[in-house]
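Below is one structure; the comments refer to it alone.
The values are calculated or read from the model by the stated rules, or taken from the named source; none is laboratory data. Because the structure is predicted, anything quoted here is derived from the model rather than measured. Using ideal geometry, Cβ is built from the backbone for each residue, glycine included, and neighbour counts are taken over all protein chains shown.
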Amino acid sequence: MFLNGKQYQSFWLNGKQYDKGYLNGKQILGETLHSHTVRILARATAIGATPPTNIAHFDTYVRSMVAIWTEYCDVFFRFRGTGDTNFKRINLANPEGALADFYGGYTLDISGFKGNGVNAYVDTNFNPSLLVSGQKYQLNDASRGAIVAQSDGGSYVSALIDGVLGSPSNQMGGFTQANSNRINSGTSNTSGNTDFIGIGLKVFNRITSSLVVAINKSLFAEFRSNSSILINQKQMILRANNFYSQSKISSYFMGKSIPFEVSQQIRTAENADMANLGLPQIA
């Protein structure tokens, strides 16, 4: 398999080995794949991961999302679908970047990554405070978001989406005490209850040094919250400090703030992908 003039070892799909395919307009598995799909498959090959069963459907999903990844996202993980555990560790926004790490007694199936409330979580290996070249996530222009596939709602353990070690900072979830959702504000609460209860798309945007926006599916609300710090911690999914969630996450992303209309484009693309997988369209 060749990419940018370099040969990669062949990859495996459904127990069969493929030596060649369409790259840069040449045939792969009977289809012309998007160049970003080729990058993802090359990364999968490099780490020995098994890609999704239906490459054509996956390529359709990539095409629907790649412009959003390029413009807005530092990381984007898709935990649903086929493909093995290693494949789901790949950062689809930056396939050559750091892989996510999975810990504890999690469940990973076609609908997503589920915590057990005891020790299961995802380490994104993304630390916003490092401010690497080209990083989109900034102190006063940032977003964290997820498609939640399952959330019991209300309690901290059942509804937690993300967090960091050592501090109740940069956490998000469908909590009853929802003013404790935070983005780049240290341990300071928002001016009101940010509603991330239930399943579907959740986006927490930092718009300015004093304004944040919460998006829950098609609902949009603004709150006051002063920014103070890009905390020097890697962002985790389904864990905050020593608390672990029982929620299930279909996909997760971080980057610069997501306009409302773009959030709805994400919902459309995610729902279409779920339909191709035979899953309920819950985004």
Could you grab the pairs with beta carbons closer than 6 Å, sequence gap of 6+ or different chains, first residue in the stretch 166-192 and on the phi > 0 side of the Ramachandran plot and crowded, with 17+ Cβ neighbours inside 10 Å, second one among the hydroxyl-bearing types (Ser, Thr, Tyr) and modelled with pLDDT of 85 or more? 184/227
Within the group 85, 53, 60, 70, which residue is hydroxyl-bearing (Ser, Thr, Tyr) and touching a residue at least 60 places away in the same chain (Cβ under 8 Å)? 60
Is it fair to say residue 234 is crowded, with 19+ Cβ neighbours inside 10 Å, of a type in the set (Lys, Arg) and within 17 Å of the chain's Cα centre (by Cα)? no
Output for the stretch 67-82, where each listed residue is over 21 Å from residue 282 (Cα atoms) and surrounded by 21 or more Cβ atoms within 10 Å (Cβ to Cβ): 72, 73, 74, 75
Out of 129, 143, I need the residue that is in contact with a helix residue (DSSP H, G or I) (Cβ under 8 Å, 6 or more places away or on another chain), among the hydroxyl-bearing types (Ser, Thr, Tyr) and at pLDDT 95 or above. Which one? 143
Checking the structure you have, find out if any residue of the stretch 105-122 is buried (at least 16 other Cβ atoms within 10 Å of the Cβ), closer than 23 Å to residue 257 by Cβ, touching a residue at least 40 places away in the same chain (Cβ under 8 Å) and out of contact with any helix residue (DSSP H, G or I) (no Cβ under 6 Å at 6 or more places or on another chain). yes
Taking the stretch 272-283, which residues are among the polar types (S, T, N, Q) and either buried (at least 18 other Cβ atoms within 10 Å of the Cβ) or in contact (Cβ under 8 Å) with a residue 40 or more places away in the chain (or both)? 276
Taking residue 137, is it surrounded by 23 or more Cβ atoms within 10 Å (Cβ to Cβ) and within 25 Å of residue 104 (Cβ to Cβ)? no
Out of all the residues in the stretch 87-96, which are surrounded by 15 or more Cβ atoms within 10 Å (Cβ to Cβ) and of a type outside the set (Lys, Arg)? 87, 90, 91, 92, 93, 94, 95
